[in-house]
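Before I ask anything, let me first share the structure, which is written out below as structure tokens.
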Amino acid sequence: MSDTFYPVPECLIEVGSTFEGWCPVRNVPVFCLLVPLLAPRGHTFHLDLGSTEKVPATDSCIRVELECTCGREQEMSMLCFLHTSAKQLKRQCPSLLHSLCTNSYLDAEKTARCFRELIKNAWKCMHVSEFTMEIDTVKSRRSCRLHVRDLNKRIFYVEFVFGVQQDDTDIFLSSHEIVFRHTPSTAWPQSCVVAEKKFFQYIANHAQGGNFYLRYLQLCAYLMAGLKFTIYDLKTVIMHLLTTIPLERWHGKDFLLRMDDILNYLHCCVEEKRLDHFIIGNDMMPEEIILLQEFRASPPLNMFQHILNSGVARRKLSLLNMCCRNASGFLTNCNVHSPDSTLLKKSSRDPVLTLALPLLAELWPNKCRAAA
Ligand SMILES: [Zn+2]
């Protein structure tokens with residue numbers, strides 16, 4: 001690959017809920033990795049953010065330009081693409097403009113296709129016997145999604161999404177697919193996944209108990225399995241509350257109060273048909289998260305725009321009320337000082353409770369051992 005002019009991958013960034021251990025119950029785990037890409041030698045990337053000033057930009061593109069490398073042929077192991085005759089250039093691999101671009105813009109579909117081939121070849125060379133792997137080409141037009149099965153026939157996915165960092169910020173132009181509409185192959189929408197990951201790292205560094213917030217995310221994901229809320233909605237609610245409730249009030253005896261806060265916050269959001277995006281237009285964002293000025297200055301983005309239709313809001317509210325009732329019963333029975341052993345026995349018949357049991361065992365180890 002060293003003689004090609006494909007984008008250069010940097011260290012992978014683990015993103016998404018599976019790596020943090022709170023992927024939704026009943027879903028096949030998807031381990032999502034963001035692959036930051038750099039321009040290859042002799043090329044530069046220019047980020048075009050599109051005509052509108054809306055953030056996040058969804059029609060942003062990555063324009064590729066060639067740069068003069070005359071006089072540096074030895075050092076860069078290449079001929080200058082701009083000032084070498086076409087006949088001589090046949091001796092080296094085509095430029096990125098002629099391999100993975102469409103009209104001078106980096107093409108996310110061609111990039112994904114190229115990496116799929118590279119991964120397929122790399123897998124063959126690795127001689128892995130504990131796992132079988134197939135590349136899912138249906139669901140990975142703009143990414144590279146591997147369907148992996150281990151010797152015990154457990155299945156999981158590994159998904160590589162590509163991204164180019166915007167200046168030195170925590171915002172990337174990424175190859176992720178925009179939900180609900182077709183994404184052109186040369187569009188690279190702005191993504192906040194790295195900024196969100198850095199926010200959780202910031203919380204872990206500033207709180208006792210490090211990644212304590214994962215317990216809340218895990219329990220919420222269990223309690224709301226099958227309801228019409230996305231994992232991203234839950235994560236957004238918890239991120240907002242982590243900046244408004246002092247971090248020392250998230251531990252021990254306050255656990256049930258905070259669970260109550262999370263469910264109430266979500267309930268209010270559905271009633272008001274408004275859940276603000278956490279990164280965009282949020283003036284509570286710690287300075288350590290490096291954002292573009294327009295992200296801080298933008299008006300908040302309503303993630304519940306789609307439920308302004310009152311029929312959808314009513315259905316969501318009724319599901320949420322049901323969930324709150326179940327959760328409230330569940331949490332009341334799990335009194336911090338004396339979890340109800342009947343409930344723990346009952347869990348053997350209830351798939352959601354069964355999945356929640358390891359979490360409860362971690363919270364109340366003595367009681368859970370006794371009930372088991
Ligand atoms: Zn030149």
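The values are calculated or read from the model by the stated rules, or taken from the named source; none is laboratory data. As the structure is a computational prediction, the values presented were derived from the model and not from experiment. Neighbour counts are summed over all protein chains in view; Cβ atoms, including those assigned to glycine, are modelled from backbone coordinates with ideal geometry.
Which residue out of 68, 61 is at negative phi and touching a Ser or Thr at 6+ places or on another chain (Cβ under 7 Å)?
On the way: 68 fails: touching a Ser or Thr at 6+ places or on another chain (Cβ under 7 Å).
Only one candidate passes the filter, namely 61.
Scanning for something surrounded by 13 or more Cβ atoms within 10 Å (Cβ to Cβ), assigned by TED's automatic domain parsing to the domain that holds residue 48 and either polar (S, T, N, Q) or part of a loop (DSSP other than H, G, I, E, B) (or both), does segment 109-124 turn up at least one residue?
Taking every residue of segment 109-124 in turn, at least one turns out to be surrounded by 13 or more Cβ atoms within 10 Å (Cβ to Cβ), assigned by TED's automatic domain parsing to the domain that holds residue 48 and either polar (S, T, N, Q) or part of a loop (DSSP other than H, G, I, E, B) (or both).
Further question on the same structure: Going by the structure shown, is residue 218 on the phi < 0 side of the Ramachandran plot, among the polar types (S, T, N, Q), surrounded by 21 or more Cβ atoms within 10 Å (Cβ to Cβ) and in contact (Cβ under 8 Å) with a residue 40 or more places away in the chain? Let's see the steps before the verdict.
Details: on the phi < 0 side of the Ramachandran plot: yes; among the polar types (S, T, N, Q): yes; surrounded by 21 or more Cβ atoms within 10 Å (Cβ to Cβ): yes; in contact (Cβ under 8 Å) with a residue 40 or more places away in the chain: yes.
For residue 218, the condition - on the phi < 0 side of the Ramachandran plot, among the polar types (S, T, N, Q), surrounded by 21 or more Cβ atoms within 10 Å (Cβ to Cβ) and in contact (Cβ under 8 Å) with a residue 40 or more places away in the chain - is met.
Only one of these conditions is not met by residue 80: (1) more than 16 Å from the ligand (Cβ to nearest atom); (2) of a type outside the set (Lys, Arg); (3) surrounded by fewer than 19 Cβ atoms within 10 Å (Cβ to Cβ). Which number is it?
Among (1) more than 16 Å from the ligand (Cβ to nearest atom); (2) of a type outside the set (Lys, Arg); (3) surrounded by fewer than 19 Cβ atoms within 10 Å (Cβ to Cβ), residue 80 violates only (1).
Then there is this: Under 6 Å between Cβ atoms, which residue pairs at least 6 apart in sequence (or on different chains) link something in segment 1-17 that is at negative phi with a partner that is among the charged types (D, E, K, R)?
Sorted first by the residue in segment 1-17, then by its partner, the pairs are 15/197.
Inside segment 27-45, can you point out the residues that are surrounded by 13 or more Cβ atoms within 10 Å (Cβ to Cβ) and either out of contact with any strand residue (DSSP E or B) (no Cβ under 9 Å at 6 or more places or on another chain) or not in a loop (DSSP other than H, G, I, E, B) (or both)?
27, 30, 31, 32, 33, 34, 35, 36, 37, 38, 43, 45
Right, something else. When only residues in segment 46-77 that are outside any loop (DSSP other than H, G, I, E, B), within 16 Å of the ligand (Cβ to nearest atom) and in contact with a strand residue (DSSP E or B) (Cβ under 9 Å, 6 or more places away or on another chain) count, which is farthest from residue 166 (Cα to Cα)?
Start the filter on segment 46-77 by keeping residues that are outside any loop (DSSP other than H, G, I, E, B), which leaves 46-48, 61-66, 73-76.
Next cut, within 16 Å of the ligand (Cβ to nearest atom) only: 65-66, 73-76.
If we keep only those that are in contact with a strand residue (DSSP E or B) (Cβ under 9 Å, 6 or more places away or on another chain) too, we end up with 65-66.
On the way: 65: 17, 66: 19 Å.
The residue in question is 66.
Is one or more of the residues making up segment 59-71 in contact (Cβ under 8 Å) with a residue 60 or more places away in the chain and among the hydrophobic types (A, V, I, L, M, F, W, C)?
Looking for residues that are in contact (Cβ under 8 Å) with a residue 60 or more places away in the chain and among the hydrophobic types (A, V, I, L, M, F, W, C), one finds at least one in segment 59-71, hence yes.
Output the strands (runs of 3 or more DSSP E) that fall wholly within segment 137-203 and possess 2 or more residues being on the phi < 0 side of the Ramachandran plot and within 13 Å of the chain's Cα centre (by Cα), or say none. Step through it out loud before you land on a result.
Working: elements: 144-150, 155-165, 172-174.
In segment 137-203, 155-165, 172-174 are the strands (runs of 3 or more DSSP E) which contain 2 or more residues that are on the phi < 0 side of the Ramachandran plot and within 13 Å of the chain's Cα centre (by Cα).
Moving on. With the condition kept exactly as written, say whether any residue in segment 238-250 is surrounded by 19 or more Cβ atoms within 10 Å (Cβ to Cβ), of a type in the set (Phe, Trp, Tyr) and over 30 Å from residue 140 (Cβ atoms).
yes
With (1) in contact (Cβ under 8 Å) with a residue 40 or more places away in the chain; (2) in contact with a Cys (Cβ under 9 Å, 6 or more places away or on another chain) as the list, and residue 258 as the residue in question, which single condition is left unmet?
(2)
Quick check on segment 208-220. Is at least one of its residues of a type in the set (Ser, Thr, Tyr), under 30 Å from residue 315 (Cβ atoms) and not assigned by TED's automatic domain parsing to the domain that holds residue 34?
Within segment 208-220, one or more residues are of a type in the set (Ser, Thr, Tyr), under 30 Å from residue 315 (Cβ atoms) and not assigned by TED's automatic domain parsing to the domain that holds residue 34.
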